[in-house]
Amino acid sequence: MRMKSCNYSRREFLRASGAGAAAGMGGALGAAEAPASKVALAKCADYGASLGPALKTMFDQLGGLGRLVKGKTVAVKINMTGSPQQRLGTTPAEFAQYTHPAVTGHVVRMLGEAGAVRVRILEGAFSTGEPLDEFMIDAGWDPAPLLTAAPKVEFENTNMKGRWGRYAKFPVPGGGSIFPEYYLNQAYEQCDVLISLAKLKEHATCGVTMAIKNMFGALPLTIYGDHASKTDVDEEMTKGGRGTILHYGRRQPAAISPKEKDPASPREGQYRVPRIIADLAAARPIHLSIVDGIYTMAGGEGPWNGRVWAIRPGVLLAGLNPVCTDAVCTAVMGFDPMAAKGTAPFERCDSTLELAERNGVGTRDLNRIEIVGAPLETVRFEIRKRA
């Protein structure tokens, strides 16, 4: 069965995460009522022989992939933030800011083995409308093994309309904070299951970036990009980033999108982006979150941030609820997921976890989240502490 509407998807998501009854769409859930779901942790030293077994164990601890994906079309949103030419010194991008292709490959293979009929690998490739597999080649990857990892695998650069010729509309339950709805490539509608396959990192604008923030890259450049047409979305301009419209609110999106709700609201990325991605998590639910923290980076989300360095935490995380998963990720990095603005890691920004919790997506309270697999204290590390 294909997703029929955003509301249908949200109910399915809440049931799959063990959340119980959903709140009315007219208002947010309270923090104490936000859904709770288990999160699996695993130690994994590298991307070699131990990676596949670690992923399989986590999926089994969450109830198995089969019950989630058998007979279904699965969309996998990976993270390839920034240009392939932007490197952290000599560190390959997949050992710093990108989701590692070995993790993607194992996940795709396991989805096929669990009975998924189609797997689409998605990303809004930085500042380009070129095919996603060509973007991967630019990054030094060989996309061919990904195409053969499951019976039917497709790539989609979601910066534009792509193969469908029109966009899918996702209203925000409760009306939204910045925009009342978002337009995405139809790959996000023409699927039964959405997986956010993210990297474990800090973020200059949002404090942290994992499963929820990963979806920021799903917003098409043709609508929300720096050079998006102001009148005719068919111009398909895919150059630049998403700073002008989404971070700073210096102009409105392309005409297909509704204007923002309050043009007098703060024109700061630290205010806007956490709200945008928290709303997007409510509008387009994530059914499975997988976070690669085997190798990553500290100090920011990419080499463009100052004072960043490569690290090797050796950890993987997975969960059926993105807020719960991101809360455990935050704790793994040595932070308090209940922290408010002004407290690490949210010194200069609002907490996406708190905003998404208010939206009823999930709880960030570790006391309500069952952690399975490796005990939290055995994988916790201080991400800001240099070795």
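The values are calculated or read from the model by the stated rules, or taken from the named source; none is laboratory data. Nothing here was measured: the structure is a model prediction, and the numbers come from that model. Here the Cβ positions follow ideal geometry from the backbone for every residue, glycine too, while neighbour counts run over all protein chains shown.
Tabulated values for the structure
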| read-out | value |
| --- | --- |
| Output for region 97-125, where each listed residue is surrounded by fewer than 23 Cβ atoms within 10 Å (Cβ to Cβ) and either over 27 Å from Gly302 (Cβ atoms) or among the hydrophobic types (A, V, I, L, M, F, W, C) (or both) | Ala102, Arg109, Met110, Gly112, Glu113, Ala114, Gly115, Val117, Arg118 |
| Leu219 crowded, with 18+ Cβ neighbours inside 10 Å and more than 18 Å from Ala125 (Cβ to Cβ) | no |
| Residues that are over 26 Å from Val103 (Cβ atoms), crowded, with 24+ Cβ neighbours inside 10 Å and of a type in the set (Asp, Glu), drawn from region 244-299 | Asp279 |
| Contacts under 6 angstrom Cβ, first residue in region 228-250 being among the small types (Gly, Ala, Ser), partner surrounded by fewer than 13 Cβ atoms within 10 Å (Cβ to Cβ) and at pLDDT 95 or above, 6 or more apart | Gly249/Arg267 |
| Where Glu156 falls short, out of the listed (1) farther than 30 Å from Ile311 by Cβ; (2) touching a residue at least 60 places away in the same chain (Cβ under 8 Å); (3) among the acidic types (Asp, Glu) | (2) |
| Flag for Ile290 being assigned to a strand (DSSP E or B), at pLDDT 95 or above and within 27 Å of Lys56 (Cα to Cα) | yes |
| So Met333, is it surrounded by fewer than 24 Cβ atoms within 10 Å (Cβ to Cβ), within 25 Å of Tyr271 (Cβ to Cβ) and in contact (Cβ under 8 Å) with a residue 24 or more places away in the chain | no |
| Residue satisfying condition, being part of a loop (DSSP other than H, G, I, E, B), among the polar types (S, T, N, Q) and touching a strand residue (DSSP E or B) at 6+ places or on another chain (Cβ under 7 Å), within set Gln85, Gln97 | Gln97 |
| Helices (runs of 4 or more DSSP H) contained in region 116-228 and holding at least 2 residues of a type outside the set (A, V, I, L, M) and closer than 17 Å to Ile256 by Cα | 221-224 |
| Qualifying residue in region 311-332 (condition: in a loop (DSSP other than H, G, I, E, B), in contact with a helix residue (DSSP H, G or I) (Cβ under 7 Å, 6 or more places away or on another chain) and closer than 19 Å to Cys206 by Cβ) | no |
| Set Thr378, Thr330: member being within 20 Å of the chain's Cα centre (by Cα) and polar (S, T, N, Q) | Thr330 |
| Residue under evaluation Val153, criteria (1) closer than 18 Å to Ala283 by Cβ; (2) crowded, with 19+ Cβ neighbours inside 10 Å; (3) of a type outside the set (Lys, Arg), criterion not met | (1) |
| Sole residue being part of a loop (DSSP other than H, G, I, E, B), within 26 Å of Val372 (Cα to Cα) and free of Cβ contacts under 8 Å to residues at least 60 places away in the same chain, chosen from Ala49, Ala102 | Ala49 |
| Test for Lys213: is it in contact (Cβ under 8 Å) with a residue 12 or more places away in the chain, basic (Lys, Arg) and in contact with a Cys (Cβ under 9 Å, 6 or more places away or on another chain) | yes |
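This table checks each residue for (1) under 18 Å from the mean Cα position of the chain (by Cα); (2) over 18 Å from Ala254 (Cβ atoms).
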{"site": "Tyr167", "(1), (2)": "no, no"}
{"site": "Pro180", "(1), (2)": "no, no"}
{"site": "Leu184", "(1), (2)": "yes, no"}
{"site": "Lys201", "(1), (2)": "yes, yes"}
{"site": "Val208", "(1), (2)": "yes, yes"}
{"site": "Lys213", "(1), (2)": "yes, yes"}
{"site": "Pro220", "(1), (2)": "yes, no"}
{"site": "Tyr224", "(1), (2)": "yes, no"}
